[in-house]
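Read through the structure below, which is laid out as structure tokens, and then see the notes.
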Amino acid sequence: MRNQLHQHLEKRIHQCVSNERSSHITCPKIKRKIEGLQKSSREIVKVKGLGKIIDTIEDKEMGKVRYQVHSQYLIKHKSGLYVEEEIEMREAEFYKGILVEDIEINPYSDRQAESKAIQVGDDSFIEERQLFKYDRLKAVQYAERWWNDYNPAYEKFDVDCTNYISQCLHAGGAPMSISSNRAKGWWMKQHNWSFSWTVANSMRWYLPGAKSGLRAREVDHPEELQLGDVICYDFQGDGRFDHTTIVTKKDQDGMPLVNSHTYNSRMRYWAYEDSTAYTDQIKYKFFTIVDDE
């Protein structure tokens, strides 16, 4: 099984960079990725992929392998080059030792449940400090340091995207607004946290609604964002947001490249058209962080 997976991974990599007609592309995700890059005049010129088996289940005839792939794409855009990185979790199915199916596991297929807020005491707030000026460089540095790792000072979640973005914002100087109610404020303390710190849909509403501390202004277009700003994604287009990213670079067109967790990725083009969770109904919210005056 290991040898077959290795050959399959090499075949997928070849599809990314082959100069043949697009009919050679059999992987839907790679097809979407290449088509999305072409829309913004980009081209994959080189790919490296490293696979790691996480778990194996075997019986007499059937077998399943869950494995991780770390892909690095060297992308040409106009006169420049940059490296996009991505971690995929995939599951391969074998019948009598023969690979019959290989799919990416969609982490958003089971959409986040926002459980009932746990009320402990009153709704009082503790602000770390009243005024702050957002240090975008520090936020981006943190995003780069931890894009494919987990800071032990914080909790870690299976769906970790918003938790990671909250950490980046806090590293940039955004003060926690601590409440005894998980539905209030923006905070993580002593193995407890607010929904806005960890849940994408809650952060989407918290950022433009906060009156002090961490808050943001919605803008209409991605090119209006600066480094350290936030994009929220509603993959299904039904009003409930699933994913959050942070802008870590602007390309030569002024478009954002983003970092994220859950399926960890770095310098990914903001539109996420190559995501397994992507649908034609996707909606975005673009938020620029506002300094206190």
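The values are calculated or read from the model by the stated rules, or taken from the named source; none is laboratory data. What you are looking at is a predicted structure, and each value in this text was computed from that prediction instead of being measured. Ideal geometry is used to build each Cβ from the backbone, glycine not excepted, and the neighbour counts take in all protein chains shown. Note: accessible area is taken over every heavy atom of the protein model, side chains too, but ligands, DNA and RNA are not part of it. Shrake-Rupley method; radii C 1.70, N 1.55, O 1.52, S 1.80 Å.
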As an exercise, take the mean of 1/r over every pair of distinct alpha carbons in region 177-293, invert it, and state the Kirkwood radius in angstroms. 14.8
Where region 36-116 is the region considered: accessible area per residue in Å², 1.4 Å probe: 61
Can you give me the angle between helix 28-39 and the longest principal axis of the chain, using Cα atoms only, in degrees from 0 to 90, rounded to the nearest 10? 70
Residues D55 and Q236, FRET efficiency given R0 of 30 Å [Cβ-Cβ distance, rounded to 0.05]: 0.55
Where GluC sites (Glu not before Pro) fall in DSSP loop in region 51-95, at most 16 other Cβ within 10 Å: E61
Using only the alpha carbon atoms of the chain, find the Kirkwood hydrodynamic radius as the inverse mean reciprocal pair distance, in angstroms to one decimal. 20.3
Per the helix-only model, the chain has a calculated mean residue ellipticity at 222 nm (DSSP H runs of ≥4, -39500 (n - 2.57) each, divided over all residues, rounded to the nearest 500) of -6500 deg cm²/dmol
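Taking R0 as 35 Å, what FRET efficiency do you get between K11 and K78 from their Cβ-Cβ distance, rounded to the nearest 0.05? Don't skip to the end; give the middle numbers.
Details: r = 30 Å, r/R0 = 0.85.
Efficiency, rounded to the nearest 0.05: 0.70.
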Quote the convex hull volume per residue of region 1-70, based on C-alpha atoms, as a whole number of Å³. 104
Across all Cα atoms of region 136-188, Rg and the largest Cα-Cα distance (Dmax), in Å, are 11.4, 32
Trypsin sites (Lys or Arg not before Pro) within region 1-109: DSSP coil, no more than 16 neighbouring Cβ in 10 Å: R21, K60, K78, K96
At 7 Å along Cα-to-Cβ for each site, give me the label-to-label distance between Y150 and I105 in nm. 1.3
Between P107, P152, P222, where does the largest GNM mean-square fluctuation fall for the chain, given springs only between Cα atoms within less than 10 Å? P152
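Over 32 Å between Cα atoms: which of K76/K283; K52/K189; K48/K133; K11/K78; K156/K283; K39/K156 fall into that group?
The answer is K52/K189; K48/K133; K39/K156.
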